[in-house]
Amino acid sequence: MNDVLPDQTPAWQYLEQTMRDLLAAYAYREIRFPVLEQTQLFKRSIGEVTDIVEKEMYTFEDRNGDSLSLRPEGTASCVRAAEQHGLLYNQTQKLWYMGPMYRHERPQKGRYRQFYQMGVEAFGMPGVDIEAEILMFCYDLWQRLDIIDVVRLQINNLGTADDRLSFSEALKNYLEVHREDLDEDSQRRLDKNVLRILDSKSPQTQEILRNAPQMPDYISTESAESFSAIQKILVSAGIDFEVNTRLVRGLDYYNGLVFEWVTDKLGAQSAVCSGGRYDGLSKQLGGTDTPGVGFALGMERLILLLEELDRLPAETAHTVDVYLAVIGSGVTEQAQLLARAIRQNLPELRVLTHCGGGKYNSQLKKAFASGARCALILEGDEAQAEIKTKILDDDGATDSIATSSVCDWLKANLKN
Ligand code: HAM
């Protein structure tokens, strides 16, 4: 779990703001739900036989003896909240959320035990229109973040629940014959969650899979048509993609379209954003039979990309406009009132008032180090009619102006 230190928060704020602006442009609405839920919710949605539920949840009993878990993802909670508050009854919803998720995984670059996701969930829309919209949203976001050249879209079709079942059976029958030659994880999955074997990293297992039944052969006509339709829209929208028939995702609730945006710039943790359709989830959790589709992106992974490729805009580093140096205890009160007057008159300026005393030189050094564009220097044993000014990005001379004209001077000298 990471601390995000003050030097790093501008990058986070930039990412968050860029996402908020785009979400607003798509007219999606924010939903917030707790970081804790009943453990049962995640078991019933993500699936009992998944890595997340089997080994990664932070689960504990609360004082009432209820089993609670820190949320490992947002989709289950979002469906629970939307259902509980009647948002899914005869209506459509386009929702988003942002916040920490928790998985007890082995930490490495791009993989943490507390990580932040921004997720989108759209309810009540069964067609390709909404699928196209959310994929376009992602594409637009990569463009705004200037990383479109380093992310690629992979898509797959898991078919209907029935398609999935008949393919799983066929795959299981085929792999059963090769059981002894599969890697250990895959042997375990053979009995419990056979589709996940397609994900196996073992070369030997992958070799065995080469002659296995193929998912596309088990997809019903209607589902296949919908998958063609989304591809057609992607082509028209100029969004490159590849069909990866091995893409199955690590959560059990998906059907139909699944997708991942991947990069090869982050080592092993290549997925920056993933999602898909989950039409059966709401009913499976005891609610309305409502189609759903969505995705979540990993914010740490995006920040890593932005930092490593140097794609953060320069202004994210600049956080101070005016540094008010205060020399001598006689001007303390005047300095505080002056700073407040500047903030009231010029609310767009960021004013850092020096607190804690110190000599002229040491305060000026701090002014330079703060990255401020100008310094105001108030010095004396009592309230001053004059104040010194200094533009910090050239080595211009120090001037003196009337204290009462400070706001005019700032307006004239810090125009943009
Ligand atoms: P997920 O693939 O488990 O899907 O996670 C989504 C994204 O979260 C990943 O693509 C990755 O960028 C990021 N992520 C996952 N685990 C970690 C980790 N340990 N450290 C850092 N980043 C991580 C879901 O969570 C689904 N709820 C997505 C979804 C929404 N499907 C439909 N709607």
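The values are calculated or read from the model by the stated rules, or taken from the named source; none is laboratory data. Here the structure is a predicted model, which means the values were calculated and not measured. We place every Cβ from the backbone using ideal geometry, glycine too, and count neighbours over all the protein chains shown. These accessible areas exclude ligands, DNA and RNA; they are computed on the full protein's heavy atoms, side chains included. Shrake-Rupley method; radii C 1.70, N 1.55, O 1.52, S 1.80 Å.
Check off (1) modelled with pLDDT under 95; (2) under 22 Å from the mean Cα position of the chain (by Cα) for A81 and give me the number that stays unchecked.
The one condition A81 does not meet is (1).
Checking K43 against (1) in contact (Cβ under 8 Å) with a residue 12 or more places away in the chain; (2) in contact with a helix residue (DSSP H, G or I) (Cβ under 8 Å, 6 or more places away or on another chain); (3) surrounded by 12 or more Cβ atoms within 10 Å (Cβ to Cβ): exactly one of these is not met. Which one?
Against the list (1) in contact (Cβ under 8 Å) with a residue 12 or more places away in the chain; (2) in contact with a helix residue (DSSP H, G or I) (Cβ under 8 Å, 6 or more places away or on another chain); (3) surrounded by 12 or more Cβ atoms within 10 Å (Cβ to Cβ), K43 comes up short only on (1).
Only residues that are over 13 Å from the mean Cα position of the chain (by Cα) and of a type in the set (S, T, N, Q): list them for region 96-131, please.
The one that is over 13 Å from the mean Cα position of the chain (by Cα) and of a type in the set (S, T, N, Q): Q108.
Those residues that are within 12 Å of the ligand (Cβ to nearest atom) and at pLDDT 95 or above, I need them from region 267-290; list them, please.
Looking only at region 267-290, we keep the residues that are within 12 Å of the ligand (Cβ to nearest atom), and these are 268-279, 281.
Of everything in region 267-290, those that are within 12 Å of the ligand (Cβ to nearest atom) and at pLDDT 95 or above turn out to be A271, V272, C273, S274, G275, G276, R277, Y278, D279, L281.
Which numbered condition in (1) open to solvent by less than 20 Å² (accessible area, probe 1.4 Å); (2) part of a loop (DSSP other than H, G, I, E, B) is the only one that I52 fails?
In the conditions (1) open to solvent by less than 20 Å² (accessible area, probe 1.4 Å); (2) part of a loop (DSSP other than H, G, I, E, B), I52 misses (2) alone.
Report, by residue number, each residue of region 1-28 that is of a type in the set (G, A, S) and over 13 Å from the mean Cα position of the chain (by Cα).
Within region 1-28, the subset of a type in the set (G, A, S) is 11, 24-25, 27.
Those that are of a type in the set (G, A, S) and over 13 Å from the mean Cα position of the chain (by Cα): A24, A25, A27.
Identify the single condition in (1) surrounded by fewer than 20 Cβ atoms within 10 Å (Cβ to Cβ); (2) under 21 Å from R111 (Cβ atoms); (3) modelled with pLDDT under 95 that D264 does not satisfy, given that it satisfies every other one.
(3)
For region 225-282, which positions are in a helix (DSSP H, G or I) and free of Cβ contacts under 8 Å to residues at least 12 places away in the same chain?
E225, S228, K232, V235, S236
I'm trying to understand the selection: among the residues of region 172-188, which are open to solvent by less than 70 Å² (accessible area, probe 1.4 Å) and in contact (Cβ under 8 Å) with a residue 24 or more places away in the chain?
The answer is Y174, L175, H178, L182.
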